[in-house]
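Structure first, then comments.
The values are calculated or read from the model by the stated rules, or taken from the named source; none is laboratory data. No experiment lies behind these values; they were computed from the predicted model shown. Positions of Cβ are backbone-derived with ideal geometry, glycine not excepted, and every protein chain shown enters the neighbour counts. With ligands, DNA and RNA removed, areas are computed over all heavy atoms of the protein, side chains included. Shrake-Rupley method; radii C 1.70, N 1.55, O 1.52, S 1.80 Å.
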Amino acid sequence: MEASVCRRLLCAFTAASVVALAAPNELVTEVPKFGKTIDNVTIPVSREAVLDCIVEDLGSYKVAWLRVDTQTILTIHGHVITKNHRIGVTHSDQHTWQLHIKDVRESDRGWYMCQINTDPMKSQLGFLQVVVPPDILDYPTSTDMVVREGSNVTLRCEASGSPAPSITWRREGSETIPLATGEEVASVEGTTLNIPKVNRLHMGAYLCIASNGVPPTPSKRIMLIVHFAPMMTIQNQLIGAQEGNSVTLECNSEAFPKSINYWTKANGEIITRNSKYEPELHDVNAYKSQMRLTINYVEEEDYTTYKCIAKNSLGETDGSIKLYHIPGPSTTTQSTAATDLPLARKDGTTKRKLKKTAPEVAQAASSSGSFARVCVYSLRLSLGLVLLTLPL
C-alpha cells in the first residue's frame, strides 16, 4: 500500500515539474535554489533529530525528503508519505523545510536527501549520525574471580556503542595496578587485563570503564580474590618484662580465606581471655591481621615461650615469642644505728646526750682504744717507780 502511494505521489511530484516546465512564464518567475547546504546532524539515540533544508524562490515547486539508502520518499511538501509515525515535516514561509525524526534509533543513521522537483531535479544530501552510549556486555565480560596465588589471570571486558567504545581498567580506591615488569600504573587500556603470577597484592576490586564520548560512561566492578596459605611475621621474638608489670606480645598474619588465629603456651595449652590474658585480633585489610596478647601482672611462671598460630583451608603457620625476666632495680640502704656517747662536763661528770652514727661510733671506739692503751702504760710505769723507792 505504502509503495503504491509513494509511486502515485512520485508521479504527481514529477508531473508538477513537467507542468512547471511547460509554462515557465506563467507559473514560475525564478528557478528555485538552495540557500545553504544541509548540516550533518549527530544525535544520541532516543532523542529527536531535525534536518534543515533551506530553499529560496521556491514558487510553485515542491520540496520532498527521501531516505537515500532505502530510496524511500518520506515527505512531499507538507505531507508525510511514510507510515513511520516517528517522521514529521514542518516549514516556515516556504523557505526552511525541516525533517523531524523522533525517538531516533541506530537504524535511522544514514543519508537523507532534500529534493526540489525542477527539471533537472535539484537535490542535496545531509547525514544523520546516531551515537549510542556504551553498554558493557555481560556475556564476554569477566565476573568475580577466585584464584590461587601464583596462577595467571586474564580479566576481559567488552562493550557495545557507537562510536565503538574504548576500555580502561582501574582499581577501586585509586590503588595502582602492579605489572609483570614491576612497574605500577594507575590504569591499563584494552579489552583484556593480563596478570601473570598473581599474588596477594593484586587482590581487590577492578573497574572496567567503557567510554566513547557519549554520556553516560558505564563501569563494571570485578572482584579478584586470591587464595593463599597463612604466613606469620614477628617483629620482636624476645621480649623482657619485670614481675608485677604487664606486657603485650604481637604477631602479624596474612591469609586468605581468613584464618583462625589463636595463642598457645609452650606446652600447647590454648590461651583464652581472662583477667590474666587478653588476646586481641585486629584486621588491617582483607588478608592482613594483627594478633596481640597482653599478659597482666607478670609472675615467675609466665616467663616462657608463647606461640601465635594461624590456620585456614590451605595450611597452617605459627610464630614464637620468648618472654624473659628483667630484674627490678636494686635498693641498698645504709643503716644508721644510733649510739649514745658519753660527753664530759666541766665538773668532771659525764652525760649521755649526743647520738652518733655507726661510722662515728667505730671511729670513736678506735680513738678510745688508743687512749686506754696509753693509760695502762702510764699506770705500769708509775708502779715501777714506786717499787724502786721502797726500802729493802
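Compute the distribution of all C-alpha to C-alpha distances in region 255-319, in bins of 10 Å from 0, and list the percent of pairs in each, rounded to whole numbers.
Calculated over all Cα pairs of region 255-319, the distribution is 19, 51, 24, 6 percent.
In whole Hz, what ³J(HN,Hα) sequence does region 311-322 give by Karplus (6.51, -1.76, 1.60; θ = phi - 60°), x for Gly and Pro?
Couplings: 9, 9, 5, 9, x, 8, 8, 8, x, 10, 10, 9 Hz.
Give me the distance between the Cα centres of region 199-260 and region 62-93, rounded to whole Å.
64
With a 1.4 Å probe and every protein chain kept in, tell me what percent of the accessible surface of region 97-154 is carbon plus sulfur.
It is 51 percent, rounded to a whole number.
Would you mind calculating the relative contact order of region 263-309 from Cα pairs under 8 angstrom and at least 6 residues apart, reporting the percent as a whole number?
Computed over region 263-309, the figure is 44 percent.
Expected output is a single nm value to one decimal: the length gained when fully extending between L125 and T90, i.e. 0.36 nm times separation in residues minus the C-alpha distance. What is it?
Contour length minus the Cα-Cα distance gives 10.8 nm.
Using each residue's phi in region 199-214, evaluate 6.51 cos²θ - 1.76 cosθ + 1.60 at θ = phi - 60° and report the 3J(HN,Hα) Karplus result to the nearest Hz, with x for Gly and Pro.
Couplings: 10, 4, 5, 7, 5, x, 9, 10, 10, 9, 10, 10, 9, 9, x, 10 Hz.
Using 0.36 nm times the number of residues separating V31 and N199, minus their current alpha carbon distance, what extension gain do you get?
Between V31 and N199, full extension yields an extra 52.7 nm.
Which value, in debye to the nearest 20, gives the size of the charge dipole of region 60-112 about its Cα centre, when Lys and Arg are +1 and Asp and Glu are -1 at the Cβ?
Roughly 120 debye for region 60-112.
Averaged per residue, what accessible surface does region 170-225 expose to a 1.4 Å probe, in Å²?
Per-residue value: 54 Å².
What FRET efficiency would be calculated for the residue pair S60, V185, taking the C-beta separation as r and a Förster radius of 56 Å, to the nearest 0.05?
0.25
Report the FRET efficiency, 1/(1 + (r/R0)^6), for H325 and Q290, where r is their Cβ-Cβ distance and R0 is 22 Å, rounded to 0.05.
0.25
Once amide H atoms are built 1.01 Å from N in the peptide plane, which residues 5 or more positions from V63, or in another chain, come under 5 Å H to H?
Under 5 Å from the amide H of V63: H77.
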